[in-house]
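I have placed the structure first, in the form of structure tokens, so that the comments after it can refer back to it.
The values are calculated or read from the model by the stated rules, or taken from the named source; none is laboratory data. Just so it is clear, the structure is predicted and the values come from calculations on it, not from any experiment. As a convention, Cβ positions derive from the backbone with ideal geometry for all residues, glycine included, and neighbour counts pool all protein chains shown. Note: accessible area is taken over every heavy atom of the protein model, side chains too, but ligands, DNA and RNA are not part of it. Shrake-Rupley method; radii C 1.70, N 1.55, O 1.52, S 1.80 Å.
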Amino acid sequence: MKGLTVLSLLLWLCAAYFVGIYLFVGGFLLVRLEVNRTSACEDVLQPGAESADFCRGPPRFRRVVVLIIDALKIDFARFDPTKTAPRPYENKLPVLEETVSARPAQGRLYPFRADPPTTTMQRIKGFTTGSLPTFVDVGNNFASSAILEDNFIHQLGQMGKRVVFMGDDTWENLFPKKFYRSLPFPSFNVKDLHTVDNGILQHLYTTMMGDDWDVLLAHFLGVDHCGHRFGPDHPAMADKLTQMDGVIRSVMERLQDDTLLVVMGDHGMTDTGDHGGDSQKETDAALFLYSPSAIFPGPPTEDEPDVVPQTDLVPTLALLLGTPIPFSSVGQVLLPLFPPHEQTQGAVRPLSQLEALWINTKQVNRFLDTYSSLSSDIPPERLSELKASFSLLSSDYLGSVGAGRPPSPRLASSLQAYLTSVRDTCRATWARFNPAKMAAGLAVLTFACLACFVMSELSAVLTEEKRAGLKGPVAAALTVGVAVAAAQLVARGYVEAAWCLAAGAFASEALFLWRAWRLKRPAVSKNGAKAWKLSARRLLAPSLAVPLLRCASLLSDSYVIYEGRVVTFLLLSLALYVPVRLNWDGHLVPLTSDPLKSAGLLPSPALSPAAVRKESSSLIGCLGVLVLCACVSLSFHGCREEQGGCSPSPFLSPLSRLQDSQLKNLYYILSVGSLGVSAYLLRLWLCHYGNLNSSGGTAFAARWVLPLLCVCAGLHWAVGAAPEGGFRKLAELIRVAQLALPRAAFALLGLGLALIWADPLTVFLKTRTTASARSPALPPRYRASTGISPQAELHHLIPQIYQRMRRSLEDGELGGGEEDGRPAVEAYGLGTVYSAPLLLHCGLLGVGLLLLHPEGLALAFLLLLLEMAALLHIHAAAANLRGSPAASTGVFSVGWTPVALWSLAASQFFHSTGHLPTFPSIQWGAAFVGFPDGHSGTFLPACLVSLNTFASNILFAVGCPLLLFWPLVREVRGSRGVKGHGEEGEDVVMEMRLREKPHQFSAALLQLSTRYLFILGAQVFSSVCAAAILRRHLMVWKVFAPKLLFEASGFVVSCCFLLIGVTLVLRVDVAVGRWFKKLIPDASRTRSLGFSSKLPH
């Protein structure tokens, strides 16, 4: 078998796809241009005759205390005294409403609206720079890099303000060495509700009583972590909000008259405690402003804003503290905090509302002019409108001030409208695209899909020794890439790697397709295969039409929103097509007897009527299992914001969130039972085919590692379900168990996988005499038994060695018989030598991935296992009913229909494990399985979350080669073209047929892999097209961009694990070859056995 050829072709193909994805994403998800300018007190903003706009006059406040309560949504801050039975998160912060009602001149409470993405790092960046972080910035939430843009923290430092910080260590990463003093605490452990908050409280009050600070920042994380762990509707949330109420009261008691208190949330949370998207529950946080001295003219009026954008905090605090507004800020000052114009008379006075607005307007106009000179993002006509509007406002303001007249009552409203227009324009246009890179990525992906399809059709030709080399395409890629790099270096003085990759990939793909076009005609005549062509009739066949229809549907936002249910419908529709097509072709029911066939004048059917009835019943039964599993799996779906009235599955919540102990026990029993049934079914299959009789590493993993892994998972769930503080005497033991049990499970998983790779064979060799087993007329036979009972041995009797040896033995070449005492050899598990380690590999991976999910999804994983088995049996039964080509011609091939079903099932169970192509649906708790105290870096938690998110892609990619093996495993005895003897007919060779035809084995494995990659690649290509075509669509950042990122990431993960699955098959093939060499030494092949040493390899 040409394993290196298959792997090299697949690696080249995956690399081509990766380059195309990299190019398009690099052109589509660019960060907006950051202006490398800073504001200063000496700046003179035009137009105006003032010597300086910033820092003039005394600041209104000498100090500011900013309490950031992470995920403090506005619903948490409101108080409704009419509610007699409030929910756990309601009416727990009465101090805010009490202050606003009793002292309206000293406090205000506003909804504080964030711009998506609503992740902590982006929100900190937003309310410290006053800018609008773009969509792609969400990727930086794991690895927060320092903010280089002008920001409020930098301005405070420039003015000599002493900034003291304590809390979320994200601030240290964003503002390194910017604080006068800092006390950071690790922030990523969402299961830890108290460490950060308690650490802040140890230093907060003593710091306030000191005199070595001007700005105090405290970032509490308990509320956010409580939402992630338990959700908002949980008693733990009530306790945490009550604690925050006490903190706010204590801080207010310690404030001085010249100090402003800001209590704010950086974002909200959904009903499940998640955030990251743009739903109103995620974007609307709370903003509370208070000072012991009067800062508002009176109770709220109609002119006050209903909602305060988070970008407005920066210019407001900057002017209140007498510091410059950061250069790139697009926010507007919060007017109620500044006195009206007519109340600011005298030599020493604070800024009035109109003055603050005018400074703010000139600052935003300066940024707009600078940005438009550096970038062409903003449409010229819109830019002209904004400049004209600013000119009119300037004339109105300067005319009024210069003439000493009171300004127009509409001037303040006009200035506010201008600032709002600029912010809305920036928000609409700061999706900077690079059309050239996007076009290059589309081109490379187009050719990659075409090359993948061609490779699947010409797999038999490409695996031939003389034609399989990739030297030409690889050399072309290197040559063209180096040439483009040299040209860039000469023309520009620097090299942009993206264009080198684009040119190299395009040249390599073009050369491959040209060589494939030249190879196809001689390949057809030599191999006798039908010529391939991409005809409209072929594309309209359901096997390709259904996945292509799904790809086309990705251009619809409604389809993406309801994709989970639509994919289930497409899966079941295509599965129902299989028996319909078989019946249409006359294969589903036995044919009536024909005298001509009985007389031998017409060919006999491939299967006997009894075998046809048995296979048809098996197919219909498995189809029923598939329908049942698919329908039940809909109970595990999550909900998008756009799905009004949708309630997420209760199985998606960890057991620790459940308050009803009986329900918790029921869910736990169901989860452990599902896990046990999954492991039992896997062991039952291995036992049935004799693979557990071996003493090798793989059998050891099946007998011991798999059960122990399940036990660790069950114990881990039991420990995790323990209520917070419920077992105080066992708290330390529980903490140790939360750390040790999942790590022990991970160690067992690694051990099991290592044993499979080190010793993948599951064959048990048994030697015995055959005096009582055969008649003296028959020669000694070599056979492989798959069970331990005599009935199983007779039913699964297959030759042990190659087809040639089997024929030689039957023809009597070896001579001898019972009389000479020659032993017979039985090999248990040889018929499933390839599928057994691959299936066990999938089983161990499945249990490991299940550990990263909520406990309730154990039933979803059981359904996944049953659905995979049903699809494999449907595929095998259909192949048997059609007449297995492997038995008659030795040609192995997996059609498009089972591959399409396999890919649809992978997509279906992505949704049926609670995942969605949205950022709020990411199950962040996976990062802390086995690491309850958090991580020192970001790589490991990112890997754990990725494994959780793409578990379905991983399992179906690794198990994809099973589609090739299963028809051989379930090959029906008595198939036409298989010669032999026995009571029922012929021996079933099962997977040993692959050893008889190594070239066809390589070609079939390559064809199966490339067909699977083609369907996955077509889905990525469709997502890319949707994002490119609809890049100005209203829903692009809400629907299409997240879908693109999830589809591309899932494709990369699927490619990697498909290569792992194929490599494992090749590893087994090498082990089988070595096993045969040990079984039949070279010397004994000719001397003892009397058989030619020229065996097929």
Sole residue being within 19 Å of R423 (Cβ to Cβ), within 34 Å of the chain's Cα centre (by Cα), at pLDDT below 90 and crowded, with 19+ Cβ neighbours inside 10 Å, chosen from T283, T272 | T283
May I ask you to list the residues in the range 193-223 that are more than 22 Å from F175 (Cα to Cα) and acidic (D, E)?
-> D211
Of everything in the range 301-315 that's in contact with a Phe, Trp or Tyr (Cβ under 6 Å, 6 or more places away or on another chain) and assigned to a helix (DSSP H, G or I), which residue is nearest to Q122 (Cα to Cα)?
-> Q310
Pull up the range 924-939, narrow it to residues that are touching a Leu at 6+ places or on another chain (Cβ under 8 Å) and part of a loop (DSSP other than H, G, I, E, B), then point me to the one that is surrounded by the most Cβ atoms within 10 Å (Cβ to Cβ).
-> V929
Which is farther than 30 Å from P435 by Cβ and either acidic (D, E) or under 33 Å from the mean Cα position of the chain (by Cα) (or both), of Y22, Y110, Y89, Y17?
-> Y89
State which residue is nearest to F76 (Cα to Cα) when the search covers only the range 109-134 and only residues that are buried (at least 24 other Cβ atoms within 10 Å of the Cβ) and aliphatic (A, V, I, L, M).
-> A114
Take the range 632-651 and flag every residue that is touching a residue at least 40 places away in the same chain (Cβ under 8 Å) and either more than 29 Å from the chain's Cα centre (by Cα) or in a helix (DSSP H, G or I) (or both).
-> V632, S633, L634, F636, P650, F651
What do you reckon, is V215 modelled with pLDDT of 90 or more and closer than 22 Å to P88 by Cβ?
-> no
Would you check if L96 is open to solvent by less than 10 Å² (accessible area, probe 1.4 Å), farther than 30 Å from S394 by Cα and either at pLDDT 85 or above or part of a helix (DSSP H, G or I) (or both)?
-> yes
Looking at D80, D70, D75, which is the one that is closer than 21 Å to P309 by Cα and open to solvent by 40 Å² or more (accessible area, probe 1.4 Å)?
-> D75
Return a yes/no flag: does the range 482-493 have any residue that is outside the structural domain of F1021 (by the TED database), farther than 30 Å from W896 by Cα and in contact with a helix residue (DSSP H, G or I) (Cβ under 6 Å, 6 or more places away or on another chain).
-> yes
Hey, can you tell me all the residues within the range 47-67 that are modelled with pLDDT under 90, open to solvent by 30 Å² or more (accessible area, probe 1.4 Å) and out of contact with any helix residue (DSSP H, G or I) (no Cβ under 7 Å at 6 or more places or on another chain)?
-> A49, E50, S51, C55, R56, G57, P58
Of all residues making up the range 686-722, the number that are over 30 Å from I734 (Cα atoms) and surrounded by fewer than 20 Cβ atoms within 10 Å (Cβ to Cβ) = 4
Of all the residues that make up the range 258-269, how many are assigned to a loop (DSSP other than H, G, I, E, B) and surrounded by 18 or more Cβ atoms within 10 Å (Cβ to Cβ)?
-> 5
Quick one: I378 ticks every box in (1) part of a helix (DSSP H, G or I); (2) more than 30 Å from L1005 (Cβ to Cβ); (3) of a type in the set (V, I, T) except a single one, so which number is it?
-> (1)
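Yes or no, residue by residue, for (1) at pLDDT 85 or above; (2) closer than 26 Å to L544 by Cβ; (3) outside the structural domain of F18 (by the TED database); (4) crowded, with 16+ Cβ neighbours inside 10 Å:
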position	(1), (2), (3), (4)
Q416	yes, no, yes, yes
R427	no, no, yes, no
L442	yes, yes, no, yes
A451	yes, yes, no, yes
V454	yes, yes, no, yes
A475	yes, no, no, no
Scanning for something modelled with pLDDT of 90 or more, β-branched (V, I, T), crowded, with 23+ Cβ neighbours inside 10 Å and not in a loop (DSSP other than H, G, I, E, B), does the range 318-330 turn up at least one residue?
-> no
Counting only residues that are touching a Pro at 6+ places or on another chain (Cβ under 7 Å), surrounded by fewer than 24 Cβ atoms within 10 Å (Cβ to Cβ) and not charged (D, E, K, R), the range 217-252 contains a total of 3
Heads up, the helices (runs of 4 or more DSSP H) in the range 815-921 (entirely inside) with at least 2 residues that are modelled with pLDDT of 95 or more and either within 27 Å of the chain's Cα centre (by Cα) or among the β-branched types (V, I, T) (or both) are 835-851, 858-882, 896-911
State all residues of the range 1037-1075 that are open to solvent by less than 30 Å² (accessible area, probe 1.4 Å), over 16 Å from S1002 (Cβ atoms) and out of contact with any helix residue (DSSP H, G or I) (no Cβ under 7 Å at 6 or more places or on another chain); if no residue qualifies, say none.
-> P1042, F1046, A1071
For the range 398-430, how many residues meet the condition of being of a type in the set (F, W, Y) and either in contact with a helix residue (DSSP H, G or I) (Cβ under 8 Å, 6 or more places away or on another chain) or part of a helix (DSSP H, G or I) (or both)?
-> 1
Inspect all residues belonging to the range 446-463 and state whether any of them is under 18 Å from I21 (Cβ atoms), without any contact (Cβ under 8 Å) to a residue 24 or more places away in the chain and in a helix (DSSP H, G or I).
-> no
Boolean, L255 is hydrophobic (A, V, I, L, M, F, W, C), open to solvent by 10 Å² or more (accessible area, probe 1.4 Å) and outside any helix (DSSP H, G or I) = yes
Here the residues within the range 485-496 that are exposed (fewer than 13 other Cβ atoms within 10 Å of the Cβ) and either assigned to a helix (DSSP H, G or I) or touching a residue at least 40 places away in the same chain (Cβ under 8 Å) (or both) are A486, L489, V490, A491
